[in-house]
Amino acid sequence: MSNVKENLKQLLRELHDTMGIPGCEQEVIRYVRDQISPYADEFEITATGTVIAVKKGNRPGPNLVVGAHMDEIGFVVKNILPTGFLLIDKVGGVPDNIMLGRKVLVSTKRIPGIIGTKPGHLQTPEEAKMIQPVSKCYVDVGLDSCEEVEAVGIRIGDPIIFKSDFNEMANPDLISTRAIDDRMNCAIIIEMFKNLDHDFGGNLYGIFTVREEAGLFGARYALTGLDVDYAIALDTIPAGGTPDLDSVRQLPIYMGKGPGLPITDGVGHTLFQFIHPGVRRIIEETAAENDINLQILTLLGYGYTTDASAFSYANRGVPTATLTVPRRYSHSPVELVNLNDAVDLYNLLIAITRKNEDADLSFI
């Protein structure tokens with residue numbers, strides 16, 4: 001078998017180079033299409049950008065969805081000032097406290113910019129302690145007028161992403177970059193399709209959704225019209241173990257200890273997910289059979305959810321679970337992941353697919 005870890009690292013490296021804030025995922029879509037369509041029996045890009053790839057098993061069985069989202073947090077150009085500075089709006093959950101002084105890339109032309117910050121020498125004590133909201137931020141692209149900015153092709157509504165290198169840490173299995181959420185799992189699905197033959201029951205749907213970071217909008221319609229029996233949403237999940245967290249009380253999940261299995265999560269009263277008992281049995285039994293450690297947790301009250309919150313309410317209800325790769329420094333340009341957790345998740349999904357015809361999806 002191919003070297004899955006190295007393949008996932010290379011896929012993540014290439015996916016990191018694509019730009020895809022919610023609503024502007026075209027680069028990611030093209031990359032996914034080129035990578036996965038040669039290995040799919042059916043392939044479709046919907047009118048709103050969701051990618052659906054199908055690999056058909058050679059015997060009867062249920063239809064399984066594995067899904068990941070293609071978009072990332074970022075910004076758009078809100079206005080261009082006469083002095084050439086850009087005003088910006090957030091798209092997705094960008095934390096205010098990580099914005100100032102960051103390098104960014106503006107538009108698909110990747111024009112370099114900086115989120116400006118007042119010189120520390122001139123800040124009052126109060127200003128030095130403040131977290132600047134996005135409404136007070138601006139991007140400096142090094143041009144002196146609105147006309148110069150427009151001349152290089154920047155327009156209102158253009159996407160902006162953080163500029164971030166692809167860093168291998170001292171331990172080369174640890175990778176730090178932007179958009180690990182959720183390009184890591186896009187890589188896992190692509191690698192699954194490349195390596196799976198047709199020796200399984202039912203059909204495997206690889207679904208790559210849009211606009212997850214802005215409210216799960218792609219996932220709300222991704223399963224419409226599909227004959228789906230159960231779904232597993234793949235995402236990343238915040239990891240504990242850092243000095244600023246009471247990990248035991250707040251976040252009992254760690255990098256390097258295997259995939260995360262959230263039992264329940266949600267955002268307020270509008271998005272709520274509780275794992276389907278049949279899908280939970282499939283995941284836990286398969287993990288035990290293959291000596292894959294699962295980190296089981298709940299994550300309510302902290303504003304975390306995944307596409308599972310949309311998949312599970314599709315059609316007349318789809319049995320759904322979430323499987324996750326732990327990562328540190330969520331929604332930042334320096335997200336950190338352990339590739340061994342991604343390999344474990346890949347192996348678990350392959351094993352689930354191989355025994356798909358035996359899936360017991362009963363609720364009681």
(message) For a quick check, take a GNM of the chain with Cα springs below 10 Å and name the residue from GLY317, GLY256, GLY20 with the largest mean-square fluctuation.
(response) GLY317
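Counting each DSSP H run of 4 or more residues in the chain as -39500 (n - 2.57), what helix-only mean residue ellipticity at 222 nm follows after dividing by all residues, to the nearest 500 deg cm²/dmol? Intermediate results must be reported in sequence, preceding the final value.
Working: 10 runs with 94 residues, N = 364.
That comes out to -7500 deg cm²/dmol.
Within the set of other residues whose C-beta is less than 15 Å from the C-beta of GLY57, count the net charge using Lys and Arg as +1 and Asp and Glu as -1. The partial results should precede the final answer.
Numbers: positive: LYS55, LYS56, ARG59, ARG354, LYS355; negative: ASP41, GLU42, ASP197, ASP199, ASP227, ASP229, GLU357, ASP358.
Spelling it out: positives minus negatives among the neighbours equals -3.
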(request) Could you run the Debye sum over the Cα atoms of the chain, one equal point scatterer each and no solvent, and tell me log10 of I(q)/I(0) at q = 0.10, 0.13 Å⁻¹, two decimals? (result) -0.62, -1.01
(message) As I understand it, the value is the acute angle between the Cα axis of helix 339-354 and the longest principal axis of the Cα atoms of the chain; what does it come to in degrees, rounded to 10?
(response) 40
(request) Distance between Cα centroids, region 160-214 to region 57-136: provide it in whole Å. (result) 21
(message) Going by amide H atoms built from the backbone, whose H comes under 5 Å of the H on VAL325, apart from near neighbours?
(response) ASP235, THR236, ILE237, GLY260
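Return the FRET efficiency for the residue pair SER135, LEU361: r is the Cβ-Cβ distance, R0 is 30 Å, and the value is rounded to the nearest 0.05.
Values: r = 47 Å, r/R0 = 1.58.
FRET efficiency, SER135 to LEU361: 0.05.
Quote the FRET efficiency, to the nearest 0.05, computed for GLU127 versus GLU168 with a Förster distance R0 of 41 Å and r equal to the Cβ-Cβ distance. Please list the in-between numbers first.
Values: r = 37 Å, r/R0 = 0.90.
For GLU127 and GLU168, the calculated efficiency is 0.65.
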(request) Normalise the Debye intensity by I(0) for region 120-253, one equal point scatterer per Cα, no solvent, then take log10 at q = 0.15, 0.22 Å⁻¹ and round to two decimals. (result) -1.19, -1.36
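With N denoting the number of residues in region 74-162, provide Rg(C-alpha) divided by 2.2 N^0.38 Å, to two decimal places.
On the way: Rg = 13.0 Å, N = 89, 2.2 N^0.38 = 12.1 Å.
Its radius of gyration relative to the 2.2 N^0.38 Å reference: 1.07.
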(message) Just to confirm the number: angle between the C-alpha axis of helix 180-195 and the first principal axis of the chain, 0 to 90 degrees, nearest 10?
(response) 40
(request) Could you work out how far helix 26-36 tilts from the main Cα principal axis of the chain, as a 0 to 90 degree angle to the nearest 10? (result) 30
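Computed from the coordinates by the stated procedures, all read-outs in this text should not be read as laboratory data. Source: prediction; values computed, not measured. For neighbour counting, all protein chains shown are included, and Cβ atoms are generated from backbone atoms with ideal geometry for every residue, glycine included.
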